[in-house]
1. Listed residues R224, R228; which is open to solvent by 70 Å² or more (accessible area, probe 1.4 Å), away from the ligand (no atom under 14 Å from the Cβ) and at pLDDT below 95?
2. Within segment 18-35, track down each residue that is within 16 Å of the ligand (Cβ to nearest atom), aliphatic (A, V, I, L, M) and either assigned to a strand (DSSP E or B) or farther than 19 Å from W336 by Cα (or both).
3. I want to confirm something. Restricting to segment 188-200 and keeping residues that are open to solvent by 30 Å² or more (accessible area, probe 1.4 Å) and assigned to a helix (DSSP H, G or I), which single residue is farthest from A36 (Cα to Cα)?
4. Consider segment 23-38. How many of its residues are open to solvent by 50 Å² or more (accessible area, probe 1.4 Å) and closer than 15 Å to H172 by Cα?
5. Kindly list the number of the only condition in (1) assigned to a helix (DSSP H, G or I); (2) farther than 30 Å from G155 by Cα; (3) within 11 Å of the ligand (Cβ to nearest atom) that fails for T325.
6. Here are A197, A201, A210: which of them is in contact with a His (Cβ under 7 Å, 6 or more places away or on another chain), in contact (Cβ under 8 Å) with a residue 12 or more places away in the chain, within 16 Å of the ligand (Cβ to nearest atom) and under 18 Å from F328 (Cβ atoms)?
7. So which residues in segment 1-17 are among the small types (G, A, S) and in a loop (DSSP other than H, G, I, E, B)?
8. Take residues that are closer than 30 Å to R39 by Cβ and in contact with a Lys or Arg (Cβ under 8 Å, 6 or more places away or on another chain) and tell me which of the helices (runs of 4 or more DSSP H) falling wholly in segment 211-290 contain 3 or more.
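The values are calculated or read from the model by the stated rules, or taken from the named source; none is laboratory data. Because the structure is a prediction, the values reported are computed rather than measured. Cβ coordinates were reconstructed from backbone atoms using ideal geometry, including for glycine residues, and neighbour counts include every protein chain displayed. Please note that ligands, DNA and RNA were not included when accessible areas were found on the heavy atoms of the full protein model with its side chains. Shrake-Rupley method; radii C 1.70, N 1.55, O 1.52, S 1.80 Å.
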Amino acid sequence: MSSGLEDVVAAETVLSDVDGAAGRLVIRGHRLEELAGQRTFEQVVHLLLDGFFPELPDPSALAAALGAARVDVFERCAPLLDRLARLDPFDGVRAGVALLPDGDALGDALRLIAAPGVLTAALVRARRAERPLAPDGGLGHAADVLRMLTGVAPGRESAAALDRYLVTVCDHGLNASTFAARVVASTRAGLASSVLAGLSALKGPLHGGAPGPVVAMLDAIAARGDARAWLEGELARGERLMGFGHRVYRVRDPRADALQAGVRRLGDAGAHPAVAARLALAQSVERAALELLREAKPGRSLQTNVEFYTAVLLEAVGFPPEAFTCVFAMSRTAGWIAHAREQRATGRLIRPQSRYVGPRPASAEGAPEALLTAS
Ligand code: ACO
């Protein structure tokens, strides 16, 4: 048995390759550095879906198709937004996604990819007692989601920063949520079922739920003014430092660099004066955390993961911390869908074994066999 399935290979994929020793991520033959900040989210969605949907339009037409899908999702979900807004944003997004058809066609896939952005913006606004805004199908996905969130057309730098984020986290090997999505796909359930499985796995703080707590950590350290003492207190209480450590990476997660560069660009652009100060704080917290983790866990290389600078970037472009995991889902849904299609095309029903360690059934005399053996 391998606890946590560590090092177990459970699928072959053409989608992404995570090299944990070298700190390299390849997505369909492209290094992350060739994609983040270089391609749009729509272009990367095309890259992921290519070959899995015969009706996929060419890359230049996909942005319009995704825009139309945003409009479609909004129209389907608008009557229920008031009720969804009573849930926290992540649960509201998941409930909204559950309202969508569970089909296997490209139209189903694009609706599912569009949905987290449309729902997140509407549900965050509803919590602020602001009216949800309908999508503008003619805009890029990142720009439109920011417009629906804030009510104003975003600056070029903010839209580019969110686009960079969406590209950076779109796929990442057989992580927990992608595995969950593939397990469901292996049963031949529809794409919405796979996406709902992925969403549920993403929610936890050991996977996609970490960046909200990163903001709480930065705020607490900013108020106290002593990063090392605050972090030491957390470790002494047995807490994990959010945004650090990874199952696969033994060196710095390359996505942390891509996102840190995105935050730096935002700060340099000058349109967000608070961003440069927040980045400086984050960098000093990162240094202190890495030093402490080296001392506390000398046998385990614990490095910065994607979630640390995710928090700084998503905060900078205007998302509240309670919506960060929803924004992760905006991107990763594309990866889950590609994996679900790949699983259907190339895989079998995923059905591992468990080793039974519970009590044995009662023997003929009525006493459990385990007890008889023990006595
Ligand atoms: N802070 C403190 N200690 C840590 C941390 C951390 N962030 N991460 C791991 N450790 C410690 C563990 O306590 C454990 O110590 P022990 O051997 O003394 O018990 C040791 O390092 C190994 O930890 P595991 O739990 O075996 O490592 P695993 O591979 O299962 O965990 C994980 C990876 C879940 C990401 C972990 O590093 C963690 O909890 N990090 C914090 C949460 C986080 O940032 N999650 C986002 C991950 S990125 C993503 O999913 C998108």
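1. R224
2. Matches in segment 18-35: V18, A21, L25, I27.
3. S193
4. Adding up the residues that qualify gives 5.
5. (2)
6. Of A197, A201, A210, the one residue that is in contact with a His (Cβ under 7 Å, 6 or more places away or on another chain), in contact (Cβ under 8 Å) with a residue 12 or more places away in the chain, within 16 Å of the ligand (Cβ to nearest atom) and under 18 Å from F328 (Cβ atoms) is A201.
7. Of everything in segment 1-17, those that are among the small types (G, A, S) and in a loop (DSSP other than H, G, I, E, B) turn out to be S2, A10, A11.
8. On the way: elements: 211-224, 227-236, 254-269.
Answer list for segment 211-290: 254-269.
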